[in-house]
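Visitor: Pasting in a structure now, in structure tokens, and then I'll have a few things to ask.
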Amino acid sequence: QVQLVESGGGLMQPGGSLRLSCLVSGITFSTVPMCWYRQTPGNEREFVADITGVGTTNYADSVKGRFTISRDNAKKTVYLQMNSLEPEDTAVYYCQVPYWRGQTYWGQGTQVTVSS
């Protein structure tokens, strides 16, 4: 059974930092790319960042230079370090396994709120 469990969300002031974690089980973690998405009420989930099994990364323009995606294959965990947070970063953040044995998998989401 594939499971993704996010943690690390919360309330932060503008300009602050948070680090999200996503612990994955049920897959051969080191062989699959991992993604982070985010969603605000009434909107579709939008891509934030992804990382391949060997660490090649890709970012949405809106977070480039502020967010860093990384992974620890031994811990089966993917991270999203978020710096210089802005109110527009407020969203529920989801990690995703884009493809494993024909299916896509999502975590339950973690709320990030950026407000003074």
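Visitor: List the residue pairs whose Cβ atoms are under 6 Å apart, where the first residue sits in the range 28-49 and is without any contact (Cβ under 8 Å) to a residue 40 or more places away in the chain, the second is assigned to a loop (DSSP other than H, G, I, E, B) and open to solvent by less than 90 Å² (accessible area, probe 1.4 Å), and the two are 6 or more positions apart or on different chains.
Guide: Partner pairs satisfying both residue conditions: Thr31/Gly53; Phe47/Ala60.
Visitor: Any residue that is among the β-branched types (Val, Ile, Thr) and within 11 Å of the chain's Cα centre (by Cα) - is there at least one of those in the range 45-67? Write out each step before concluding.
Guide: Initially, the range 45-67 is screened for residues among the β-branched types (Val, Ile, Thr), giving 48, 51-52, 54, 56-57, 63.
If we keep only those that are within 11 Å of the chain's Cα centre (by Cα) as well, we get 48, 51.
The answer is yes; a qualifying residue exists.
Visitor: Let me ask something else about it. Taking Gly53 and the conditions (1) open to solvent by less than 60 Å² (accessible area, probe 1.4 Å); (2) within 16 Å of Val92 (Cα to Cα); (3) of a type outside the set (D, E, K, R); (4) outside any strand (DSSP E or B), which numbered condition does it fall short on, given that it satisfies the others?
Guide: Every condition holds for Gly53 apart from (2).
Visitor: Given the criterion more than 26 Å from Val2 (Cα to Cα), surrounded by fewer than 16 Cβ atoms within 10 Å (Cβ to Cβ) and of a type in the set (Ser, Thr, Tyr), identify the matching residue among Ser62, Ser70.
Guide: Working: Ser70 fails: more than 26 Å from Val2 (Cα to Cα).
It is Ser62.
Visitor: OK, next. Restricting the first residue to the range 89-116 and requiring it to be at positive phi, which pairs with a second residue that is among the aromatic types (Phe, Trp, Tyr) meet a Cβ separation below 6 Å and a spacing of at least six or different chains?
Guide: Listed by first residue and then by second, the contacts come to Gly109/Tyr94.
Visitor: Something else now. So, Tyr93, is that one closer than 27 Å to Gln1 by Cα, at pLDDT 95 or above and not in a helix (DSSP H, G or I) or not?
Guide: Working: closer than 27 Å to Gln1 by Cα: yes; at pLDDT 95 or above: yes; not in a helix (DSSP H, G or I): yes.
So Tyr93 fits the description; yes.
Visitor: Would you be able to say whether some residue in the range 36-46 is among the hydroxyl-bearing types (Ser, Thr, Tyr), in contact with a Lys or Arg (Cβ under 6 Å, 6 or more places away or on another chain) and surrounded by 14 or more Cβ atoms within 10 Å (Cβ to Cβ)?
Guide: Initial filter on the range 36-46 (among the hydroxyl-bearing types (Ser, Thr, Tyr)): 37, 40.
With the extra rule that they be in contact with a Lys or Arg (Cβ under 6 Å, 6 or more places away or on another chain), the set shrinks to 37.
Imposing the further condition that a residue be surrounded by 14 or more Cβ atoms within 10 Å (Cβ to Cβ) reduces the set to 37.
Yes - at least one qualifying residue is present in the range 36-46.
Visitor: Counting only residues that are open to solvent by less than 60 Å² (accessible area, probe 1.4 Å), at pLDDT 95 or above and polar (S, T, N, Q), which one in the range 8-35 is nearest to the chain's Cα centre (by Cα)?
Guide: If we take residues in the range 8-35 being open to solvent by less than 60 Å² (accessible area, probe 1.4 Å), at pLDDT 95 or above and polar (S, T, N, Q), then Ser21 is nearest to the chain's Cα centre (by Cα).
Visitor: Which numbered condition trips up Leu85, out of (1) part of a strand (DSSP E or B); (2) touching a residue at least 60 places away in the same chain (Cβ under 8 Å)?
Guide: Every listed condition holds for Leu85 apart from (1).
The values are calculated or read from the model by the stated rules, or taken from the named source; none is laboratory data. Predicted model only: the values in this text are computed from it and were never measured. Ideal geometry is used to build each Cβ from the backbone, glycine not excepted, and the neighbour counts take in all protein chains shown. Each accessible area value is taken on the protein alone, full model and side chains, heavy atoms only, with ligands, DNA and RNA left out. Shrake-Rupley method; radii C 1.70, N 1.55, O 1.52, S 1.80 Å.
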